[in-house]
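Working notes, structure below.
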Amino acid sequence: MAISGDSLSPGPTPHPLKIFDAARKQDKFVYACAPMVRYSKLAFRQTVHQYGTDLCWTPMILAKEFNRNEFARDSDLTISTSHPQPPTILQFGANIPLELARASSLAAPFVSGVDLNCGCPQAWACAETLGAALMDQRALVRDMVTETRERLRQDGWAVGLESDMENPKGRSVSVKIRVHHDLRKTIDFLDTVIGHPQARNVDWVTIHPRTRHTPSTTPIFTEALEILTEKYSSTLPLLLSGDVFDLSTLPLRHTKADTFTAKDTPRPSTTHLSGFMSARGLLTNPALFAGYAACPWEAVETLMCKVARAPLPFKLALHHVQEMTGPGMGSEKGALLSKRERGELNGCGSMVELVDFLDGKMEERMGRVMRRDL
């Protein structure tokens, strides 16, 4: 693992189930940053956490490579010791119980929990029986999470679900799934993977209510989501992943009456989601869960400060800034930079040029604000 700081320990972070429990008691949602290939690195996780994101996923890491290759561990998982370490869930791609258990054992000292990817629809992943291909391997997924939980227990980690929420060695094991066209298959999958409700195999489940073959441009399947939340919400926390772009236009909105009301699509008056996970919404607006309808300049500044302490490759940092300064995914379509300015941004060839460019734009903005206030 690559360490950002002076110590080999990232320090204690709250058990993820404690975060879910505190949100429930305060009548709030848990907000999560999705696992994003290349993008959900440490500097970005720190940025979204500063703006109200409760749980941060790493990009998917292949358990087999994580186990065998020290260089893979150093490049794939970076943690912070000298600055706030967001509660971090390491997502693994795996299809062998022993591989997932070993990788989780290596990662446990540095993260709050591990998550098995059963949702990635990319062809290469499914060809290797990873990601969404595991939705047709429910017994294998059950064996992977149970062996992982047992390995962590043997290593001395507290994996007793809610009974270990206050334990500083508490760690979680979870899964992120998609759904089937025939929802009965999804229910069979969840029944098998969750196990007995009083001694379940996973701490929570994240549901992306699209199938393996559904494009991201197609709205999430709200009927499937309603059925699954109605059936399983009394057993364990459920996160929704998909179409989370703006707090004012969430697929399901919280009301003072402790219900969720529909937007545009008829739904039951109540449901039982514990929270929301965003990918593209946070990529364009890391301040999404702080209530900003569009990315503020201060979030760009925050990201660049985090990048200075937890470096990213220049092209990756540039891409983050491009996403944040362009039109967002939410209802507010304004952009921090004009089309011409974004063309100038794309011409930056180094981190120094990028910082100088942003400093110049921020100075121009401050000048406009000062003149307006005179």
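Figures for the structure shown
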| quantity | calculated |
| --- | --- |
| Residue-averaged [θ]222 nm for the chain, counting only DSSP H segments that reach four residues, each worth -39500 (n - 2.57) | -12000 deg cm²/dmol |
| Accessible area per residue in Å² at 1.4 Å probe, computed on the chain | 45 |
| Residue order for S233, S216, S112 - accessible surface, 1.4 angstrom probe, largest first | S216, S233, S112 |
| Phi-based couplings in Hz for segment 196-201 (Karplus 6.51, -1.76, 1.60; Gly and Pro marked x) | 5, x, 8, 8, 6, 8 |
| Sum of side-chain charges, L17 neighbourhood, beta-carbon under 13 Å (Lys, Arg +1; Asp, Glu -1) | -1 |
| Euclidean distance of C-alpha centroids, segment 176-246 and segment 283-344, integer Å | 30 |
| Heavy-atom accessible area order for H319, H196, H208, H272, largest first, 1.4 Å probe | H196, H272, H319, H208 |
| Area accessible to solvent at F357, 1.4 Å probe radius, in Å² | 30 |
| Long-range HN-HN contacts of V175 with modeled amide H, under 5 Å | L116, W204, T206 |
| Most mobile listed residue (P16, P87, P313) in the chain, GNM with C-alpha springs under 10 Å | P313 |
| Cα-Cα over 22 Å, subset of K25/K176; K339/K361; K18/K64; K41/K176 | K25/K176; K18/K64 |
| In Hz, Karplus ³J(HN,Hα) per residue of segment 329-345 (6.51, -1.76, 1.60; θ = phi - 60°; x = Gly, Pro) | 9, x, 6, 8, 9, x, 10, 5, 10, 5, 4, 5, 5, 5, x, 5, 4 |
| Net charge of neighbours whose Cβ lies under 13 Å from the Cβ of Y51, counting Lys and Arg as +1 and Asp and Glu as -1 | -1 |
| Counting DSSP beta bridges with both ends in the chain, the antiparallel % (nearest 5) | 5 |
| Segment 297-366 - Rg and Dmax from Cα coordinates, angstrom | 11.7, 33 |
| Percent RCO, i.e. relative contact order, over the chain, from Cα pairs under 8 Å lying at least 6 residues apart | 15 |
| Length-normalised contact order for segment 130-217 - Cα pairs under 8 Å, 6+ apart - percent | 34 |
| Cβ-defined net charge surrounding L42, 12 Å radius [Lys, Arg +1; Asp, Glu -1] | +3 |
| Accessible surface, 1.4 Å probe, highest first, among residues S234, S278, S75 | S234, S75, S278 |
| Listed residues M329, P97, I61: farthest to the positive end of the dipole of the chain (Cβ charges) | M329 |
| Segment 158-234: radius of gyration and largest Cα-Cα distance (Dmax), Å | 14.3, 42 |
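The values are calculated or read from the model by the stated rules, or taken from the named source; none is laboratory data. From a predicted model like this one, the values you see are computed outputs, not experimental measurements. Using ideal geometry, Cβ is built from the backbone for each residue, glycine included, and neighbour counts are taken over all protein chains shown. Heavy atoms of the whole protein, side chains included, go into the accessibility calculation; ligands, DNA and RNA do not. Shrake-Rupley method; radii C 1.70, N 1.55, O 1.52, S 1.80 Å.
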